[in-house]
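Written below as C-alpha cells is the structure these notes are about.
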Amino acid sequence: MSHWPILSLVTFLPLVGAAFILMVRGEPEAVARNARWIALWTSLVVFALSVVLWIEFDPGSAQFQFVERANWVTLGGFTISYHMGIDGVSLFFILLSTLLTLISIVSAWRIIQFQVKEFMIAFLVLETFMVGIFCALDFILFYVFFEGVLVPMFLIIGIWGGENRIYSAFKFFLYTLLGSVLMLLAILAIYFKTGTTDIEYALNHASLFSFGLQKWLWLAFFASFAIKVPMWPVHTWLPDAHVEAPTAGSVILAGILLKLGGYGFVRFSLPMFPLATHYFTPLIFTLSAIAVIYTSLVALAQTDMKKLVAYSSIAHMGFVTMGIFALTSEAVQGAVIQMLSHGLVSAALFLCVGVLYDRLHTHEIARFGGLVHRMPVYAFVMMAFTLAAVGLPGTSGFVGEFLILLGTFRVSTTECTLAATALFLSVSYMLYLYRRVIFSTLTRADLRGILDLSPREVAIFVPLLLLVLWMGIYPNSFLRPIRASVDHIIAQANAATDAAGLRRASLP
Amino acid sequence: MPYLTPPDLSAALPEILLAGAAMALLIFGALRGERATRSVSWLAVLSLIIVLAVVLLRGGERRLGFYGMIVSDAFAVFVDTLVLVGSGVTILMAMSYNEEQRIARFEFPVLLLLATTGMMVMISANDLIALYVGLELQNLALYVVASFDRDSARSSEAGLKYFVLGGLSSGMLLYGLSLIYGFAGTTAFADLARLLAANGAAISPGLIIGLVFVVAGLAFKISAVPFHMWTPDVYEGAPTPVSMFFAIAPKMAALALFIRVMIAPFGPLVGDWRQVVVFLSIASMILGSVAAIAQPNIKRLMAYSSIGHVGYLLIGVAAGTAEGIRGTLVYLAIYLFMNVGAWGVILCMRREGRMLEQIADLAGLSRTRPALALALGIFLFALAGIPPTAGFFAKLYIFFAAIDANLTGLAVIGVVTSVVGAFYYLRVVKVMYFDEPAGALDVPIAAELKGILFVTAVVTLFFFLLPGPVIGGAAAAASSLFAR
C-alpha cells in the first residue's frame, strides 16, 4: 500500500483548485472561461486519484485502509485527532462524489452564465466536504464536514436556483441544521463515555454504551440522518430543494447528500448502538413502508418532472433504510449498492430533466410530449435510465432492490410484501412520466425546433450509463469490497444483541 | 501589620501604566488641541500595545497587590489580552469614522483608555470595593462615549439611556455588595470564600439576597435577559465604533468579573446561583434568537445577536467547572474576532458619505463588492456557529462543558436556539448573495479597517488550523481560577 496521504489529497485538492479560481482576474468572459477550465481539471485530477484509491484498495479486509492520523487539538484529555481512513462502505461513496462533481461541472458548462467563478468555487468546496465526510474517522472532523456541506449547497440553491429559491434554500438549511446539532450533542455524550472522539475506538468499544444511553444516542443520530435520507415524515424539504436547485445542484443533492443519512446509519447506528437499533427496527420498518408507498403514490400525481423524480428518490431511499435495518448481510450490501445505483440513476434523471429545462425553461410535464420524433438520442438515454430506476434486471437498480428484498424477506415477510407493492408503483409512475414526455404526438409548435443532445451532453450520459450497466451485469466488482466491511458490521451488531440475550428477528 | 509596608504595586503594573498613559495623552491633547486627534489615537494604540506586551511578558503567575485587593493571574492575563485588543481595534476603526462624521476629538481615545483601565481593574478585582471602583471607572467613561456624537439626538438619547439604566444597575449592584458586606463582615474575596466554605449549609439568607442583587447588577452590564432592554437602543443610537466597543470589551470585562465573583468567593454556593444563571442563559438564548428574526436594522440585529451570545457564554458559567470556564473563555476570544469583523463591515456601509444601517442596503453586495460580502458571510456563518468557522468551535467547547456538568437540557435548548438564530444570520447572507444589487457602497475603505477585516476574516475562517494557543490559554486561565 502507498504511504503518501492519498485521502488528504483527494479531500483537499479541490480547495486548491478553488483557491486558484479565486485568484483569477481580468475580463468577465475570460474569468468565466478560466474558472470553468480550472474546475474541470481539478475535478478530473481528483477523480483520477479516487480511482487510484479503488485500485489500491484491498477488498478482502474489513479494516480501515489508507489511515492517516495526527493530533489536531489536545487539551486536558479532550483530544480531537485528524484521523482519516476508508473501508469498503465508504470507498464507493468517495468515487461517486468525485464522479458526480466532475459531471456536474461539465453539465453546468454552458447553463451557468452569471457568477461562474463563484459557482465553480462552491462546487469544489462542496466536493471537499463530501469526500471528507466519507473519509473522516474522528467525530468532530466528521461533524465539521457533515455540517459544512450546508453552506455551499445553501448558496448554490439560493443564487442559481429557480423562482422560489430563497424559501427552498432556507428550508433546506434550517431543516438539516436542526437534525445535525442534536447529533453534535450525542457526539459529546459519546466522548464522555469513551474518553475520545475517535470513531474507530467507539466502533470497537460499543459495549461501553448501556441500553438506556444507546436509545438516546440512537435517537439523536436518527434525527440527523432521517432528515438527510430523507425519511417520511421529515422529507418535505427535499421536493422544494430539488425543484428550485439548478440541475447541477440537484445532481449533487440526489446523488450524494441523500446518501449521507444512509451512510451514517451503516457507519454509526448499526455497529455502535446495536441494542437500540434492534429496539427501533420496527419504527424504521414502519416509516420505510409508509415512505415507499406514500411517496410513490404522491409521485404518480406530480405534474412537475423534477418533483416527480424527487419523490421517487424518497421512495428509493425508503428501500435503503429498510435494507439497512433488516440487519442481514445481503440486505445491507443491497442497501449500499442501491444507494450507489440511485446516486447514478437519479443524477442521470435530473440531468435528463435539466436537458429539457435548458431548452424550454420549464419542468412541467404537460408542456412536453412526442419528443421521440425530434430527440431520438435523448429518448434512448432517458429510456435507459427510466428502466434502471424501476430496477430492470441488467441494470444497477435490480441488484440493489433484489438483495434488499432477499435480505428483508428473512426478517419480515410483511415488510417485504409492502415494499414489493411499491416496486409496481414505481414502474407505473416512471413509465407514465416517460410516456407523457417522450411518446404521444408532437403538438406544440415550440417543440418542433427542439435540438437533440449535443456531444457535450452525450459525454455526460455515457459514463453514467456504462456504470449503471456494469453494476447491473457484473456487480461483483463493487460487492467484493463492500462485503467484507458489511459482514464485519453485521457481525458486531449481532454479537451485541446475542450477548444481551435478545432474539434476533428472523423467520423460524 | 501589613499596612505598614508600602503596597506592592507590581500586581497592578499594567493598570497603572495605562492610567498614566491616559493622563499623559489627555494633557498632550489639551495642549495641542484638535489637530492632535490622529496622533493621540496612534499614541493610545501604542500605549495599549505596550501594556499588552507587559501583560503577556509578565505571565500568568499569581500575584496579589494592594493588600490583596487586586489579583493578577492567568485568568486576568487572558481576559486583559482580549480587552486590550478590543480597545486598540476600536480606536483604530474609529479614527476615520470619526473624521468622516466630523466628531473627531482627542478625548475619544483618552476616554477609551480610561474605560479600558477600569475594565482591567474589574478583571483583576479581588475585593468587592476594587470591583466597584473598576466598574464605575469603566461606566463613567462609557456614558460619555455613547453620546459622543453630541449633535445627534439619537446618540445623546443612547448616552442618556445608558446612563440612567447603568446607574440603576450600579445601584442594585452596590446594594447587593453592601448586603454581602453586612452579613459576611468582609469585602475580600479570599475571606468570603473561606467563610462560605466553612459555614457550608448554614449561609444566612441575607447573603443570598445580596448575591442575587449582585447577579442582577452584573446581568445588566452583560445585557443578559431580562436586563437587556437598553442594548438594542444604545447599540442603534451610539456611533458605530462605540456600538462595536460595547458589544466586545465591556461585555468581556463584566463577564470576567461575573465569573471571578461566582467562582472565587461564591464557588461554594454554586448550587444556589446555578439556577439563576441557567435562567439568565435560557432567557438570553431564546430572546437573542427570536427577537431579531424580523429586524430590518443591522445594528439592532447585532445587539440581539450579542444578547444571544451572552446566553451561550453563560452556559459555561452555569456549569461552574474548569471546563465550563474554559469554554466560556474560548467563546469570548472567538466572539471578539467575529464581532470586530461583522461590525467592521457595518462600518463600511456608507453611500455618498452617509452611513447606512438597513440590512436591505446590503442587497447584491456579492456582486458589487465580492470581497466584502465574502468577509461578512464568513462572520455571519461564524456567528451562527456553522463549521468549519471559528464560531463552531466556540459552541463546541461550551456544549462540551454543559454535557460534562450534566446540563443536557440546557445544551439541547442551546442547540435549538442556535438553529433559530441561524435564520436571521442567513437572512443577511440572503440579502447579500441572492438579492439584486440596490446600489453600490462607497469605495475607499480606510487602510486600517481593511487590515482589520482581513485579519479577522482569516482568523475566523482558519481558526481550526491552529486552535492550540487560544484553547491552551483559556485552559490555563480557567484552572488558575480554581487553583487554591
Subset of the stretch A:70-85 [away from chain B (no Cβ under 14 Å) and surrounded by fewer than 24 Cβ atoms within 10 Å (Cβ to Cβ)]: A:G85
Flag if A:S8 is surrounded by 23 or more Cβ atoms within 10 Å (Cβ to Cβ) and not basic (K, R): no
Mind checking which pairs have a first residue in the stretch A:360-378 that is among the charged types (D, E, K, R) and a second that is assigned to a helix (DSSP H, G or I), Cβ under 9 Å, 6 or more apart or different chains? A:E364/A:M305; A:R367/A:L356; A:R367/A:L360; A:R367/A:D446; A:R367/A:L447; A:R374/A:L447
When you look at B:F245, is it outside the structural domain of B:A478 (by TED's automatic domain parsing), among the hydrophobic types (A, V, I, L, M, F, W, C) and farther than 25 Å from B:S480 by Cβ, yes or no? yes
If we take the stretch B:1-104, then helices (runs of 4 or more DSSP H) inside it with 1 or more residues that are under 21 Å from B:V340 (Cα atoms) and in the same structural domain as B:S155 (by TED's automatic domain parsing) are B:37-58, B:74-100
When you look at A:T42, is it at negative phi, polar (S, T, N, Q), within 14 Å of chain B (Cβ to nearest Cβ) and in a helix (DSSP H, G or I), yes or no? no
Which listed residue is among the acidic types (D, E) and in contact with a Leu (Cβ under 9 Å, 6 or more places away or on another chain), from A:E163, A:E147: A:E147
For B:A411, all conditions in the list (1) outside any helix (DSSP H, G or I); (2) at the interface with another protein chain (Cβ under 10 Å from one of its Cβ atoms) hold save one; what is the number of the exception? (1)
Condition check: touching a residue at least 12 places away in the same chain (Cβ under 8 Å), assigned to a helix (DSSP H, G or I) and more than 7 Å from chain A (Cβ to nearest Cβ). Does B:A394 satisfy that? yes
Restricting to the stretch A:29-65, name every residue that is out of contact with any helix residue (DSSP H, G or I) (no Cβ under 9 Å at 6 or more places or on another chain) and of a type in the set (V, I, T). A:I55
Those residues of the stretch A:219-236 which are hydroxyl-bearing (S, T, Y) and more than 15 Å from A:V266 (Cα to Cα), in sequence order: A:T236
Inside the stretch B:318-338, can you point out the residues that are away from chain A (no Cβ under 14 Å) and either basic (K, R) or more than 15 Å from the chain's Cα centre (by Cα) (or both)? B:A318, B:G320
Residues in the stretch B:322-331: is at least one touching a Phe, Trp or Tyr at 6+ places or on another chain (Cβ under 7 Å), farther than 17 Å from B:A475 by Cα and crowded, with 24+ Cβ neighbours inside 10 Å? no
Here are A:K193, A:K171: which of them is surrounded by fewer than 22 Cβ atoms within 10 Å (Cβ to Cβ) and farther than 25 Å from B:I398 by Cβ? A:K171
Hey, could you check the stretch B:286-308 for residues that are over 21 Å from B:Y162 (Cα atoms) and assigned to a helix (DSSP H, G or I) and say which is farthest from the chain's Cα centre (by Cα)? B:V290
Residues (aliphatic (A, V, I, L, M), in contact (Cβ under 8 Å) with a residue 60 or more places away in the chain and touching a helix residue (DSSP H, G or I) at 6+ places or on another chain (Cβ under 6 Å)) located in the stretch B:423-445: B:V428, B:V431, B:M432, B:A440
Given the structure, is A:S412 over 23 Å from A:W470 (Cα atoms), at pLDDT below 85 and small (G, A, S)? yes
Taking the options B:V416, B:V431, B:V420, B:V443, name whichever one is surrounded by fewer than 17 Cβ atoms within 10 Å (Cβ to Cβ), within 11 Å of chain A (Cβ to nearest Cβ) and either over 30 Å from A:L213 (Cβ atoms) or modelled with pLDDT of 85 or more (or both). B:V416
Can you report the number of residues in the stretch B:254-285 which are buried (at least 19 other Cβ atoms within 10 Å of the Cβ), more than 18 Å from the chain's Cα centre (by Cα) and of a type in the set (V, I, T)? 3
Looking at (1) in contact with a strand residue (DSSP E or B) (Cβ under 8 Å, 6 or more places away or on another chain); (2) surrounded by 19 or more Cβ atoms within 10 Å (Cβ to Cβ), can you tell me which one B:S41 breaks? (1)
Qualifying residue in the stretch A:453-464 (condition: over 27 Å from A:I337 (Cβ atoms), modelled with pLDDT under 85 and either crowded, with 19+ Cβ neighbours inside 10 Å or not small (G, A, S) (or both)): yes
Which one of these does B:L336 not meet: (1) without any contact (Cβ under 8 Å) to a residue 60 or more places away in the chain; (2) closer than 14 Å to B:F78 by Cβ? (1)
If a residue must be more than 8 Å from chain A (Cβ to nearest Cβ) and touching a Ser or Thr at 6+ places or on another chain (Cβ under 7 Å), how many such residues does the stretch B:369-383 contain? 5
Give the residue that is nearest to A:P152 (Cα to Cα), with candidates limited to residues of the stretch B:446-484 that are within 12 Å of chain A (Cβ to nearest Cβ), among the small types (G, A, S) and free of Cβ contacts under 8 Å to residues at least 24 places away in the same chain. B:G468
Cβ-Cβ below 7 Å, separation at least six or inter-chain, first residue in the stretch B:142-156 and farther than 14 Å from B:S243 by Cβ, second aliphatic (A, V, I, L, M): which pairs? B:V144/B:L111
Hey, which of the helices (runs of 4 or more DSSP H) in the stretch A:255-350, taking only ones fully inside, have at least 2 residues that are within 13 Å of the chain's Cα centre (by Cα) and more than 23 Å from A:G85 (Cα to Cα)? A:305-326
Among what's in the stretch A:69-104 and is part of a strand (DSSP E or B) and under 30 Å from A:H342 (Cα atoms), pick the residue that is nearest to the chain's Cα centre (by Cα). A:I86
Considering each residue of the stretch B:107-150, count those that are assigned to a loop (DSSP other than H, G, I, E, B) and either polar (S, T, N, Q) or surrounded by fewer than 23 Cβ atoms within 10 Å (Cβ to Cβ) (or both), and give that number. 4
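The values are calculated or read from the model by the stated rules, or taken from the named source; none is laboratory data. Since the structure is predicted, the reported quantities are computational estimates derived from the model, not experimental observations. A quick note on method: Cβ atoms are made from the backbone with ideal geometry, for glycine too, and the neighbour counts reach across all protein chains shown.
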